[in-house]
Amino acid sequence: MAPLRVAIVGTGNIARVHARALAAVSETGGAAEAALVAVMDADESQLNSFGAEFGVRDAYRHLADLLSRGKPDLVHLCTPPATHYPLALGCLRAGVSVLIEKPPAISLREFDGLAAAQGRAPQGSATADGPPWFATVFQHRFGSGQRRLKALAADGVLGRPLVALCHTTWFRDQAYFDVPWRGRWDTEGGGPTMGHGIHQMDMLLDVLGEWTEVSAVARTQARSMPTEDVSLAHVTFANGAVASVVNSVLSPREESYLRFDFERATVEVTHLYGYGDDDWRITPAPGCDEVLGAWKRAEHGTRSGHAAQFAAVLSALAAGRRPPVGPAEARRTMSLVAGIYASAFTGAPVTPARVAPGTPFYGQMNGGNPAC
Ligand SMILES: NC(=O)c1ccc[n+]([C@@H]2O[C@H](COP(=O)([O-])OP(=O)(O)OC[C@H]3O[C@@H](n4cnc5c(N)ncnc54)[C@H](O)[C@@H]3O)[C@@H](O)[C@H]2O)c1
């Protein structure tokens, strides 16, 4: 089978991680191979340095040229968040599937626009669940630790989920936010809730499912920027679990920490930007030592990261299946982000109805309030 033709749009920092991860996936000779055949960036110097570094000669300044002349099967979208919607829509309308860096869009309204544009051939005929697809990069779903936890939770081995902690306590100095698109509602769609903690919240939701209510606080404590630099939230889930969430870029000792207390065990992971098996711990409840055996027997060996997600995406595409993480899964995470902002800026607990179509926080993550 010919390798899948992949193009990268936006050749900055994360694009380099994509290029290396794509090469690593192809080298392992898994279910699918991919070749990075073309790149596109609005900035010529970025394009030139990336092209030289990764040996990609087919380079474009405009998306339409990339799509018509580069003929990719899949576009990896690695541009700043506010550009995701128009560029991804351009790909989908041309019949090309797109894998979008987080956050996939800067509002739920834009997100739903992308979901509606999937499965339509360029002529406009819709298919029930066919290509072109869009998927979101949430790479921490794909390490074996998270998959093991998810499988044991789904199989009922761990019992009922009761309490969870989800902490993204990272550090970003002022210079980081002086990059023009960061920390602004109109270009990034939020601060650390949208840009950083979204990874850990996605892991939380991947295990606990639908959220039903959130109470939150968001503040700008120390950085000079329009968005929050810290948010705190209490989240209730449809399965009855409750979670405490912290999203901070003010924390000198950086850590990503998730803790799930089930009836039969506590499962924890402590990492920063990616975890391996050794970063996970399981502690059985008294009399529940059998969970240790189940934990040991379940999947092991894969670090979380872009390569792990790309392997899953490419093998799904090679088999003609929808690639992970699809719109339904990514939307749940985006809606919790919107819910946190809606609660923080209205000063009241909110349910998903508060961020439904037609509401202010559906249209913009700050609810359209310039004072936020
Ligand atoms: N998954 C992760 O762990 C992770 C980590 C870092 C960043 N990201 C995400 O990746 C995305 C990019 O972040 P980055 O740090 O690489 O940004 P960056 O600023 O380093 O690179 C962005 C690139 O996009 C180009 N660009 C901007 N607008 C464009 C347009 N309209 N058309 C074509 N090119 C355009 C810029 O010239 C630049 O080269 C963001 O959404 C960010 O949140 C994800």
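Data table
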quantity: Some residue of the stretch 108-130 being away from the ligand (no atom under 15 Å from the Cβ) and within 30 Å of T266 (Cβ to Cβ); calculated: no
quantity: Residue in the stretch 261-279 that is in contact (Cβ under 8 Å) with a residue 40 or more places away in the chain, aromatic (F, W, Y) and within 13 Å of H140 (Cα to Cα) present; calculated: yes
quantity: Of all residues making up the stretch 13-39, the number that are among the β-branched types (V, I, T), under 21 Å from A318 (Cβ atoms) and modelled with pLDDT of 95 or more; calculated: 1
quantity: Selection from the stretch 314-372 of residues that are among the small types (G, A, S) and outside any helix (DSSP H, G or I); calculated: A319, G320, G326, G347, A348, A356, G358, G367, G368, A371
quantity: The lone exception for A319 - which of (1) at pLDDT below 95; (2) under 24 Å from G119 (Cβ atoms); (3) in contact with a helix residue (DSSP H, G or I) (Cβ under 6 Å, 6 or more places away or on another chain); (4) hydrophobic (A, V, I, L, M, F, W, C) it fails; calculated: (3)
quantity: Sole residue being of a type outside the set (A, V, I, L, M), surrounded by fewer than 21 Cβ atoms within 10 Å (Cβ to Cβ), in contact with a Pro (Cβ under 7 Å, 6 or more places away or on another chain) and over 20 Å from L317 (Cβ atoms), chosen from F171, F111; calculated: F171
quantity: All positions within the stretch 271-313 that are outside any loop (DSSP other than H, G, I, E, B), over 20 Å from D202 (Cβ atoms) and of a type outside the set (A, V, I, L, M, F, W, C); calculated: D278, R281, T283, P284, E290, G293, K296, R297
quantity: Candidates A285, A308 - the one that is at pLDDT 95 or above and within 16 Å of the ligand (Cβ to nearest atom); calculated: A308
quantity: Subset of the stretch 25-37 (residues that are touching a strand residue (DSSP E or B) at 6+ places or on another chain (Cβ under 7 Å) and either more than 21 Å from Q309 (Cβ to Cβ) or hydroxyl-bearing (S, T, Y) (or both)); calculated: S26
quantity: Search result, residues across the stretch 237-251 that are of a type in the set (S, T, N, Q), over 12 Å from I340 (Cα atoms) and surrounded by 17 or more Cβ atoms within 10 Å (Cβ to Cβ); calculated: S248
quantity: Answer from T212, T168, T227 - the residue that is within 16 Å of the ligand (Cβ to nearest atom) and touching a strand residue (DSSP E or B) at 6+ places or on another chain (Cβ under 6 Å); calculated: T168
quantity: Sole residue being more than 28 Å from R331 (Cβ to Cβ), among the aliphatic types (A, V, I, L, M), within 15 Å of the ligand (Cβ to nearest atom) and buried (at least 19 other Cβ atoms within 10 Å of the Cβ), chosen from V98, V56; calculated: V56
quantity: Single match in A82, A24, A32 (criterion: surrounded by fewer than 22 Cβ atoms within 10 Å (Cβ to Cβ), more than 15 Å from the ligand (Cβ to nearest atom) and within 20 Å of V98 (Cβ to Cβ)); calculated: A32
quantity: Scope the stretch 333-358; condition more than 17 Å from A216 (Cα to Cα) and either in contact with a helix residue (DSSP H, G or I) (Cβ under 8 Å, 6 or more places away or on another chain) or touching a residue at least 24 places away in the same chain (Cβ under 8 Å) (or both); matching residues; calculated: A356, P357
quantity: Lone qualifier among A218, A233, A222 - being farther than 23 Å from E299 by Cβ, surrounded by fewer than 18 Cβ atoms within 10 Å (Cβ to Cβ) and touching a residue at least 12 places away in the same chain (Cβ under 8 Å); calculated: A222
quantity: Residue match in the stretch 61-70 (condition: basic (K, R), surrounded by fewer than 15 Cβ atoms within 10 Å (Cβ to Cβ) and within 11 Å of the ligand (Cβ to nearest atom)); calculated: yes
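The values are calculated or read from the model by the stated rules, or taken from the named source; none is laboratory data. Predicted model only: the values in this text are computed from it and were never measured. Virtual Cβ from ideal backbone geometry, glycine too; neighbours counted across all protein chains shown.
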